[in-house]
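Shown next, in structure tokens, is the structure this report addresses.
The values are calculated or read from the model by the stated rules, or taken from the named source; none is laboratory data. This is a predicted model, so every value here is computed, not measured. Neighbour counts run over all protein chains shown; Cβ positions are idealised from the backbone, glycine included. What goes into the accessible areas is simple: the full protein's heavy atoms, side chains included, and nothing from ligands, DNA or RNA. Shrake-Rupley method; radii C 1.70, N 1.55, O 1.52, S 1.80 Å.
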Amino acid sequence: MYSVKLGSACLLRFPVNKHFGESFFDVWFCDSILLHKIVPSAAAGNIINMLWQLMEIGLEELKLLQTVLVLLTTNTVVHDEVLSKAIVLCFRLHFTKDNITNNTAAATVRQVVTVVFERMVAEDERFKGIVEQPPPVQGNTNRRSVSTLRPSAKDAYMLFQDLCQLVNADAPYWLVGMTEMTRTFGLELLESVLNDFPGVFLQHQEFSFLLKERVCPLVIKLFSPNIKFRQGACGAATPAPVEKPYFPICMRLLRVVSVLIKHFYRLLVTECEIFLSLLVKFLDGEKPQWLRAVAVESVHRLCVQPHLLCSFCQSYDMKQHSTKVFRDIVNALGSFIQSLFIVPNASIAAAITAPAGGSGSGAQAAAQGGPGAGGVSNTMTTQAAFEYRGTWIPLMTISVQGSAKATYLEMLDKVEPPSIPEGYAMSVAFSALLDLVRGITSMIERELAVEEEAAAEFRETHPDLEWKPQRLFIVSGSHLVWEEMVNASWCGLLAALSLLLDASTDETATENILKAELTMASLCGRLGLVTPRDAFITAICKASLPPHYALTLTAKNIQCMRTLLNLAHCHGAVLGTSWQLVLATLQHLVWILGLKPGIGGALKPGRAVEGPSTVLTTAVMTDLPVISNVLSRLFESSQYLDDVSLHHLINALCSLSLEAMEMAFGNNKEPSLFAVAKLLETGLVNMDRIEILWRPLTGHLLEVCQHPNSRMREWGAEALTALIKAGLAYKHDPPLALNLRLQLLLLNPLKELSNVLHADIRQKQLECVLQILQSQDDCLGPGWPLVLGVIGAIRNDQGESLIRTAFQCLQLVVTDFLPTMPCTCLQIVVEVAGSFGLQNQELNISLTSIGLLWNISDYFFQRGEAITQELEREEEVLQKQAQEKGETLNRPFHPAPPFDCLWLCLYAKLGELCVDPRPAVRKSAGQTMFSTITAHGTLLQRPTWHIVVWKVCLSSVLSFPATADKEKIESGGGNILIHHSRDTAEKQWAETWVLTLAGVARIFNTRRYLLQQLGDFFEAWEVLLNHIQSAALSKNNEVSLAALKSFQEILQIVTPVKDSDKAGDALATMGVPPVLVDPLSASGPGRPLVRSDSMVERLTRYIGAELQAPPPGEESALEDSTLWWSAWNTWYRTGTESTRPPSGPTEKLSFIPSQPFLTALIQIFPALYQHIKANFSMEDLKKLGVILHGAVSVPISSDASPFILPSYTEATLTSLQEAVLTALDVLQKAICVGPENLQVMYPAIFEQLLLFVEFSCKPPQYGRMETKHVANAKYNQAEWVALNYVPFAERSLEVVVDMYQKTACHKAVINEKVLQNIIKTLKTPLGLKYACPSESTWKLAVASLLKVLSIGLPVARQHSSSGKFDTMWPELVNAFEDFLFTKSTPPDNVSIQEFQKNEAIDVEVVQLISTEILPFANFIPKDFVAQIMTMLNRGSIHSQAPSFTEAEIDVRMREDFSKVCFETLLQFSFSNKVSTPQEGYISRMALSVLLKRSQDVLRRYVEDERLSGRCPLPRQQVTEIIFVLKAVSTLMDSLKKTQPENVDGNTWTQVIALYPTLVECVTCSSSEVSSALKEALGPFKDFMQPPVSKVQNGES
């Protein structure tokens, strides 16, 4: 305590006028006191005064400075004027002439100023927490002191205020005694205070006032020379001299400005706007280069402070009517960089080093030797640099990333402007640019990350609520600020970065630029700023490609491409629509690099033939696999994109692909497959959410598949099918089997491919289907309809290969997958199989598909019950849905049961195939359909048969073309030869018609009783019959014959089952031959039927119903009668039309039915007649007769005659003739066993048969056609040949005789003069005799006549009184006469034995007359008897043929015949048994004839004998005369024996008249005649005298 006082006292008494030695001691003493902190406040003033005196006399200057510093730092007692005097002391010492003292003083001043402000900070800390109510500020009227401040604060305030005064060259208020002051030192002090103690200015309003009122105006004032100065003005004569910028001042001002902006921006908003605007102006190219250099260093300091930049944007750019400071800074920085390339660096150096007003020649020379000259080119390869349009700027390492280490702002010791190294300004600007981007993006991204983290946390805790940004972000408007910062800066940044990227020659610099652009693009994307994002991405894309579409890739291009890939890979989520830019660039690079898509869409190195001639360096070639992998990883990473971003990617790829498609139109060059390949790759890696991208993805690929360029559509199909296969194979959750919608979504594009017309696409589609079937066997489920639709989408314009592949799929389905697919799909399977049958490209496939339909039907049969149950369940669901919608269920063949509909669909398909243009298909389909109906029809319910009959059998099946091509088909394809019976389309259709008719008829036959229970069976029957009639009348022999065979088949049915045996027996009894039709095989394609146990009951039920006969009753009988009469009408129409002869001889085109056809037609009648005989009328019989007559009248073709006709010598009937006779025989027998009223038909049958008998001599004429007899026709000369009707006529005659023997006594036979008709018919062959075409004819005729007469004459005699036979007798006598005295001569080659046999036949006739006619003359007309006697008389005269030889005369004279005739005459001349006048009449007539005959012979002999002279008469005449002479002898003996009263007078007259003639014969020369004459003359002796007669009435 005492020491303190002592010290103080001593200091108070300290003298000021001491010598140097003493002064030193005093200062040292003061220092000691001060160090011990024992100086009171009063003594401090004395010490300062003492030190002031020493300073003024220039003693111990360094010690003085040390003492002042100790005094101020060791205690706080120095304030106010004492403190100001101490500070002035230091300032005074700073401006001495001694450099050491100056520098020490400067350091002391800086430290003292710091101490003053530290005292204030400490003072504030002591009073911290004590709330003081400051007095109201009434304005700063007194600037020397501020009464509201505490002591230390007041000192600091006064000090800072005077520093401002001194820098402004004004007198200080507080630092009294200042004699000299430099602005540079003052600015440094201001900067240090502002930088070290910002809190003082921010916490105290008084200090804030100083900043606004003193510092800022001071800075703006001092900046004035820098603002007005122009670089070019220094060398030109200007009207008013402009103050030149002073480097030390300007540099320190910029430092002060940097501190002001950094610490007091919010306090000095308006002032900072001015400062920043000035800073921007300093970067102008017109400013001195050193000024631009320090300005860019200042800007760099700002650029590393992103929050500060954010504040700028918020305070200026976002305010209306405010300078866009932040935008200006960025733009100025960009302009600064651009200007460096515009102004050559050599000129800059010249301008700096040259004196003011120096000539421009030096600058020009420097420019010529600057960068771009040959000497600098070596530098470019070793040093990082920028080069642009010949301007080369080296790049220097000036600071660590993120820090702004300035060079020229730190040159506080420099007075003159420094020389700026080449490239320094560029390097600083480049760093500033990068730091600006890095700072902004880092700051915003950090805050975005916080926001996103909060959002993620919210969604995790509140999954059901929608995230809304926190209040903090909303209130602060952070997003708006960020967006404004980007909007304000992106143009300038992009311009500068793009230029630098273009000019960069250094890989590291390039990498930094690309990173800056990438981060900006990413930030813009995250903020949703589309335009700037796209701009930055475009810059990267542009840099990735060689300029001007060159094909030379540089390392920089590859580097840029990697950045682009990195951008897409890491920031794909924010690219949005920019994917288009990125992908377009990648596509072009891929094209340049020659990468080709491979499996899964991955790109692999490989050059195409037409690829670009790219010049790739070895390094680039080495990087190709890496680039390829990066590209693949890029699209693999799409699985991490959100849904919206993924859609942007897909849309961009689609858009890119569309462009490639447009370019590929009409272009044979290799198209770009990049987009398609990457669509595939993207789809494959996003299978877990395939639903959201499937439609746009596949929709576009479907468009690609339709492109005309084969390579492009091939890859479109490859991508699409690969995606479909991958989608089906992927393990979805839930599985596809449970997710109908997804499965259909995946398969739908496969179906859409069916609309593409290109064969290669369809091939890919079908191969895909095949692979799906092989891998996804039981997972398709509801997708089956789509798959089947794809298989079945075949067209005839597609090639065989496509159809074959599709058919393989179908075969696989039918073979393996029928049990696994839903039963509702079975109908589709049937339709698809049918469509393969209908295709016309591959016949074998069509035929095999028909086999598949059989297999399908077999499957239906085996699993019928299960299929029925499932279909019925589905039907219930559909029915319910339809009811809910108020609609009716609409499906094919409704309302048939679902299972029956399945069958009907199958039958309908087979029905379509039955009318296929190809014969093999038709044949196979027809056989399969009818076999299927036959084998499995029992499963159908009864009402369904209605549809089978009408829609299948009668509608689709029989709808054959009316006409077919008759042109000959040479071959059936390949080396297959076609048989002549199938060598035209018409013949092939005929075969189909044949099979079909047979099949339909078989169904009507086998299912008759089932079908008859349908309501409209009669109509169906009528339609079938109409079809049969139409076919039967076809001009094709095969069709017509088959129609009749089908007719025969349906007629084998009989009405009640129990009557069938009777009918069959009846037919057998009547001798009806079996129908000559081979029944069609009813078996299927050889596939065994496996019946499951579950179907037994159903089968039994249907089979039982089918085979059960309908209950016997009038109604069913009536219905059957209607059916059969309909059949009769059909038969009649067919027969009438087919047997109607042509109208004229020239009708060459008329159709002549064949013999087999006619045979089959006639053979139908017996079976048909069994069903209609009950009501068969005479009218029907006449119709039958017309048809029978027409049928046998039809000639045959000369081509067929050798196969049909027997040789002329064979007396056999053709099948047709047999059938005709059989038909009549059936009728005759039916009449025989039938009721009596049927017997009226006998005459009609006789009439028909007799017509046939006439054919023996007069063959029927078929219209007016010219025919030749088979015996006279050479087959190659006659077109038509008549049949040999002789056997037929003879057989008919036999039938007539046989039937007449049975029916001669029937009334109808008698009344209708059947006997007369028979005689009349036989008259022709009897008259012709030897002229008959066949010798057997007349012989059979005469034999038949004899038989008929033997039966008929007694009947005629019995009914002689009725007159019914009156007209018969003339016919009979004419027949006898025509036969016995025929005009025909026997053939020359007839033997004697044959002649004798023929004579014996004549004798039989005469014997018949003598036994059956003449004995009953009383019942016979007289005229007839007279004619008989005349005939016998004629016969008794010997006759002969003129050509007989002498040796044959005895035989040829018909001596036996003449003898019999004569004997007959004799027999009836002297009959003693005359019991009636009629008999006596006959005797007289016979005797008269005999005598007349003898008289004529004797006279002729006498005359001939006289005329012949010595020549002997012919032997026959001699024989005749001998016979007559013997007859006369016999006559005379008979007269002698006869009672005289029995002999007529005329007879005696004739006898006596003989005698003279006999006497004339006595002169004959023949001994034989003479002998006979003696015997004849001998009896006359008894008659030489007339006998004595009785006298009556007086006369004798």
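Points to keep in mind about this one:
- Highest average packing first - 987-996, 1554-1563, Cβ atoms within 10 Å: 987-996, 1554-1563
- Cα gyration tensor shape of the range 678-762, rounded if a/c is under 1.5, else prolate or oblate by comparing a/b with b/c: prolate
- In this calculation the C-beta distance from Ala449 to Cys570 is compared with R0 = 22 Å, giving a FRET efficiency of 0.90.
- Amide H contacts under 5 Å for Ser504: Glu387, restricted to partners 5 or more places along the chain or on a different chain, H placed in the peptide plane at 1.01 Å from N.
- Here the range 708-762 has 55 percent of its accessible surface on carbon and sulfur atoms, given a 1.4 Å probe and all protein chains in place.
- For Phe1424, the accessible surface of its heavy atoms amounts to roughly 10 Å² (probe 1.4 Å, protein chains only, rounded to the nearest 10).
- Between Phe1583 and Thr1549, the simple label model (points 7 Å from Cα in the Cβ direction) yields a spacing of 1.5 nm.
- Amide H contacts under 5 Å for Lys604: Lys596, Gly598, restricted to partners 5 or more places along the chain or on a different chain, H placed in the peptide plane at 1.01 Å from N.
- Kirkwood-type radius of the range 612-731, with distances r between different C-alpha atoms, in Å: 15.2 Å
- FRET efficiency estimate (nearest 0.05) - Cβ-Cβ, Asn844 to Leu812, R0 22 angstrom: 0.80
- Label-to-label distance, Glu1247 versus Cys779, with points set 7 angstrom from Cα along the beta-carbon direction: 8.7 nm.
- To put it simply, the accessible area of the range 805-887 at a 1.4 Å probe is 44 percent carbon and sulfur.
- At the residue level, Asp1298 shows approximately 70 square angstrom of accessible surface with a 1.4 angstrom probe and all protein chains present.
- For the pair Thr73 and Thr820, the difference between a 0.36 nm per residue extended length and the Cα-Cα distance amounts to 258.8 nm.
- Cubic angstrom per residue, convex hull over Cα atoms of the range 738-886: 123 Å³
- Once the gyration tensor of the Cα atoms in the range 684-729 is diagonalised, the equivalent ellipsoid follows with semi-axes of 21, 11, 6 Å, ordered largest first.
- The peptide list 924-937, 1362-1375, 1309-1322, put in order of mean Cβ contacts within 10 Å with the highest first, becomes 924-937, 1309-1322, 1362-1375.
- Whole-number accessible area per residue in Å² for the range 390-548, which is evaluated in the context of all protein chains at 1.4 Å: 45 Å²
- Couplings for the range 1519-1524, taken from phi via the Karplus curve 6.51 cos²θ - 1.76 cosθ + 1.60 with θ = phi - 60°, read 4, 4, 5, 4, 4, 5 Hz in order; Gly and Pro are left as x.
- If you sort Met318, Met1431 by accessible surface, 1.4 Å probe, largest first, the order is Met318, Met1431.
- Take the Cβ atoms of Lys414 and Met621, set R0 to 45 Å, and the FRET efficiency comes out at 0.25.
- Long-range amide H partners of Leu175 with built H, under 5 Å: none
- Per-residue extension of 0.36 nm, minus the Cα-Cα distance of Cys1511 and Glu1412, leaves a gain of 31.1 nm for this segment.
- Around Ala602: net Lys/Arg minus Asp/Glu count, Cβ-Cβ under 15 Å: +1
- Scaled against the 2.2 N^0.38 Å expected of a compact globular protein of N residues, the Cα radius of gyration of the range 476-528 reads 1.28.
- Shape call, the range 674-831: gyration tensor on alpha carbons, a/c limit 1.5: oblate
- Ranked by the mean number of other Cβ atoms within 10 Å per residue, highest first, peptides 322-329, 690-697 order as 322-329, 690-697.
- Put a dot 7 Å past the Cα of Arg150, heading toward its Cβ, do the same for Lys1422, and the two dots end up 19.7 nm apart.
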